[in-house]
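Notes follow the structure.
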Amino acid sequence: MEERNLSKSLDIVARLINGDEISRDDKNGRELYEEYTTNSQIYDITNSICKKLNISVYEYENSIFASAGENNRVFGYSNDELKKEIGVRLNKELFVCYFIIYNVITWFYNDTDNQTFNEYVKIEDIIKTVDAALSGVVNELSVVTLNEIEENSFKVIALLWEDLPVVTNEETSARAARGSKYGFTKMTMNFLIKQDLMVENEGRYYPKKRFHALVRNYFEEYKGRLYEIMKGEA
């Protein structure tokens, strides 16, 4: 029995590491989902293995997902890898993408009731949200307790973003580049689609179950320094 439970747990971990969704509604994952949710030994073994591998396991709407833990060099991205994956070259450009992702999250969620605000988001919505968020933060820099690196980082992000045109003449809805706010946002959303977090339909971006699972647990477990600064808790 113990050998069987270990084998099933390893099957679950392998599927999660490969980025597969294990769901009660999926015929290929239903058996493993039932094993995980009904067999306490398999549940404990799976979570123990993932913890040692610095992988977080999340449940959402009868599905199980995994995400690389903080500073996970094996299953996560390094800064250089992430820049290449998104399509940017400089750290400040990557920081802008981080900030865009944060604003995508807050478009759908806040931290108080963990309920979604909107069904979908458009590129234009994100640009307006980032404009407003950066303007608010920069205006409050003098009263928010930041160290020198944090303050300079927000200034760099704001300056880069403000210097960008909203869109360039060469860009189309199918093409993204670093030359505009539209381009940066489009590249970031393309990355979220590749990570199986969003799906796009006629210019509307809808969050998938994996997105909801990660965001809900983000607010519960991490929040992070950026969250503290944006909420004025620094």
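Across the range 27-124, how many lysine pairs, 8 or more positions apart or on different chains, have C-alpha atoms separated by under 25 Å? Please give the number.
Working: K83/K92; K83/K122; K84/K92; K84/K122; K92/K122.
Lysine pairs meeting both conditions in the range 27-124 amount to 5.
When S9, S78, S135, S40 are compared by accessible surface with a 1.4 Å probe, the order from highest to lowest is S40, S135, S78, S9.
The values are calculated or read from the model by the stated rules, or taken from the named source; none is laboratory data. Please read all numbers here as calculations on a predicted model, not as lab measurements. Accessible surface is based on the protein model in full, side chains and every heavy atom, while ligands, DNA and RNA are left aside. Shrake-Rupley method; radii C 1.70, N 1.55, O 1.52, S 1.80 Å.
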